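The values are calculated or read from the model by the stated rules, or taken from the named source; none is laboratory data. All figures in this text were calculated on a predicted structure; none of them were measured in a lab. FYI the Cβ positions are ideal-geometry reconstructions off the backbone, even for glycines, and counts take in every protein chain you see.
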Amino acid sequence: MHQYPETNGGWKKYENNPVLGGPVMGTCFDVYTWLDNGEYRMDFSWRPKKSLAVVTSRDGVQWSEPIITLEPNMDSGWEENLNRHCVVKKDGTYHMWYTGQARGYSWIGYATSKDGLHFERYQQQPVMFSDRPYEGQSVMCPFVMWDEELQLFRMWYAAGETYEPNVLAYATSSDGVHWDKLPANPIIGPMEEHPYEMERVGPCHVVKADGWHYIFYIGYEDIHTARVCVARSKNGITNWTRLKANPIVSPTIGGWDESACYKPSVVRDEKNNRWLLWYNGRNGEPEYIGLVIHEGLDLGFDEK
């Protein structure tokens with residue numbers, strides 16, 4: 001395994017990590033963190049429950065007791081395990097896209113809620129399934145934003161193998177149910193010239209700001225060794241430029257995240273002139289959630 005600094009590019013791990021999960025709560029992973037009604041809301045996958053859950057926080061460090069928002073449906077044939085989801089609040093409704101897994105495959109489902117705590121499935125079947133060669137066995141880990149300018153839901157999703165996906169792809173929808181996949185997919189794949197992402201790339205979080213789309217994603221040196229990377233693009237689809245300081249978050253030798261750092265989720269905190277990034281790390285099997293902070297909004301890309 002190649003060695004990299006535990007953080008790079010101005011990022012710093014919170015000294016009292018992890019901030020969520022532990023021996024009692026169990027494995028928490030693949031979070032989506034965002035601001036809802038002035039509080040941080042973290043939607044996360046709760047492995048012992050095979051369910052999706054939510055916690056809230058005023059500071060991004062101390063979190064409330066978890067509430068399960070959606071449980072698996074053992075009769076559906078495609079969602080015996082639920083994980084890797086995101087939630088978008090639009091016009092007073094919470095929209096959730098989530099990953100359902102069964103029989104070694106993954107699909108993407110859709111559910112809605114009025115209170116953000118109790119979600120109901122829109123339909124019994126997934127709204128996205130693997131039907132393209134690059135998607136392999138699975139489509140999974142949707143990140144969705146509502147784009148006011150385009151008047152579309154935009155989804156960046158991972159595809160490939162079920163255990164850990166291989167590439168990132170892109171699709172759009174006007175209603176959140178019917179999705180049009182980009183013909184030129186995938187939009188980001190592994191790069192052999194970068195050892196930290198030479199094997200595959202994985203789930204992401206996209207932030208649209210200052211005329212750019214910033215994508216925070218997982219780079220895999222191998223299927224077991226993962227780090228957090230960032231790139232940017234004008235349109236969020238093509239001409240991605242990797243940050244020269246990648247990877248920005250790597251395992252800490254002897255730490256709780258010594259084995260791998262997965263699935264970033266970020267908040268661009270303009271009020272406090274910083275970025276907050278949460279990720280799931282592991283040392284062995286259990287996975288918990290850690291926090292990394294970048295003081296200043298400039299991430300260090302070369303200006304163009």
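In this structure, does residue 143 turn out to be of a type in the set (Phe, Trp, Tyr), touching a Ser or Thr at 6+ places or on another chain (Cβ under 8 Å) and under 20 Å from residue 91 (Cα atoms)?
Taking the combined requirement at face value, the residue does not satisfy it.
I need every pair where a residue in the range 237-252 that is farther than 14 Å from residue 227 by Cα has its Cβ under 6 Å from the Cβ of a residue that is at pLDDT 95 or above and in a loop (DSSP other than H, G, I, E, B), sequence separation at least 6 or different chains.
237/187
Does the range 240-248 include one or more residues that are assigned to a strand (DSSP E or B) and under 20 Å from residue 13 (Cα atoms)? Spell out how you get there, then give the answer.
Filtering the range 240-248 down to residues assigned to a strand (DSSP E or B) leaves 241-242.
Remaining after also requiring under 20 Å from residue 13 (Cα atoms): none.
Within the range 240-248, not a single residue is assigned to a strand (DSSP E or B) and under 20 Å from residue 13 (Cα atoms).
Could you check the range 253-285 and list, in sequence order, the residues that are part of a loop (DSSP other than H, G, I, E, B) and either crowded, with 18+ Cβ neighbours inside 10 Å or in contact with a helix residue (DSSP H, G or I) (Cβ under 8 Å, 6 or more places away or on another chain) (or both)?
Within the range 253-285, 256, 257, 259 meet the criteria.
State yes or no: is residue 169 under 15 Å from residue 202 (Cβ atoms), aliphatic (A, V, I, L, M) and touching a residue at least 40 places away in the same chain (Cβ under 8 Å)?
Numbers: under 15 Å from residue 202 (Cβ atoms): yes; aliphatic (A, V, I, L, M): yes; touching a residue at least 40 places away in the same chain (Cβ under 8 Å): no.
For residue 169, the condition - under 15 Å from residue 202 (Cβ atoms), aliphatic (A, V, I, L, M) and touching a residue at least 40 places away in the same chain (Cβ under 8 Å) - is not met.
Give the range 42-90 a look and list any residue that's more than 22 Å from residue 128 (Cβ to Cβ) and among the acidic types (Asp, Glu), or say none.
Passing the criteria: 59, 65.
Looking at the range 53-89, which of its residues are basic (Lys, Arg) and out of contact with any Gly (no Cβ under 9 Å at 6 or more places or on another chain)?
84
In a helix (DSSP H, G or I) and at negative phi: is that true of residue 163 in this structure?
no
Across the range 10-24, which residue is farthest from residue 47 (Cα to Cα) among those that are surrounded by 18 or more Cβ atoms within 10 Å (Cβ to Cβ) and not basic (Lys, Arg)? Spell out how you get there, then give the answer.
First pass over the range 10-24, keeping only residues surrounded by 18 or more Cβ atoms within 10 Å (Cβ to Cβ): 11, 13, 17-21.
Filter again for not basic (Lys, Arg), leaving 11, 17-21.
Working: 11: 28, 17: 19, 18: 17, 19: 17, 20: 13, 21: 11 Å.
Per the criteria, the residue is 11.
Against the condition crowded, with 21+ Cβ neighbours inside 10 Å and closer than 22 Å to residue 97 by Cβ, how does residue 230 come out, does it pass?
Details: crowded, with 21+ Cβ neighbours inside 10 Å: yes; closer than 22 Å to residue 97 by Cβ: no.
The answer is no for residue 230.
Among strands (runs of 3 or more DSSP E) lying entirely in the range 16-110, which contain 1 or more residues that are touching a Pro at 6+ places or on another chain (Cβ under 7 Å) and not aromatic (Phe, Trp, Tyr)? Let's see the steps before the verdict.
Values: elements: 28-36, 39-46, 51-57, 67-70, 81-90, 93-102.
Result: 28-36, 51-57, 81-90, 93-102.
Applying the selection to the range 290-304, what residues are modelled with pLDDT of 95 or more and farther than 20 Å from residue 253 by Cβ? So that I can check it myself, show each step before the final result.
Of the residues in the range 290-304, the ones modelled with pLDDT of 95 or more are 290-301.
Within the range 290-304, 293, 294, 295, 296, 297, 298, 299, 300, 301 meet the criteria.
When you go through 106, 130 one by one, which is the residue that is within 19 Å of residue 80 (Cα to Cα) and within 18 Å of the chain's Cα centre (by Cα)? I'd like the intermediate steps shown before the answer.
Numbers: 130 fails: within 18 Å of the chain's Cα centre (by Cα).
After ruling out the rest, the residue left standing is 106.
Could we say that residue 190 is modelled with pLDDT of 95 or more, closer than 18 Å to residue 161 by Cβ, not in a strand (DSSP E or B) and not hydroxyl-bearing (Ser, Thr, Tyr) here?
In short, yes.
Does the range 152-184 hold any residues that are farther than 18 Å from residue 127 by Cβ, surrounded by 21 or more Cβ atoms within 10 Å (Cβ to Cβ) and small (Gly, Ala, Ser), and which are they?
Within the range 152-184, 160 is the sole residue that qualifies.
Looking at this structure, is residue 36 of a type in the set (D, E, K, R), at positive phi and under 19 Å from the mean Cα position of the chain (by Cα)?
Values: of a type in the set (D, E, K, R): yes; at positive phi: no; under 19 Å from the mean Cα position of the chain (by Cα): yes.
No, not satisfied.
Listed residues 100, 104, 116; which is buried (at least 17 other Cβ atoms within 10 Å of the Cβ) and on the phi > 0 side of the Ramachandran plot? Don't jump to the end; show me each part of the working.
Working: 100 fails: on the phi > 0 side of the Ramachandran plot; 104 fails: buried (at least 17 other Cβ atoms within 10 Å of the Cβ).
Going through 100, 104, 116 in turn, the sole match is 116.
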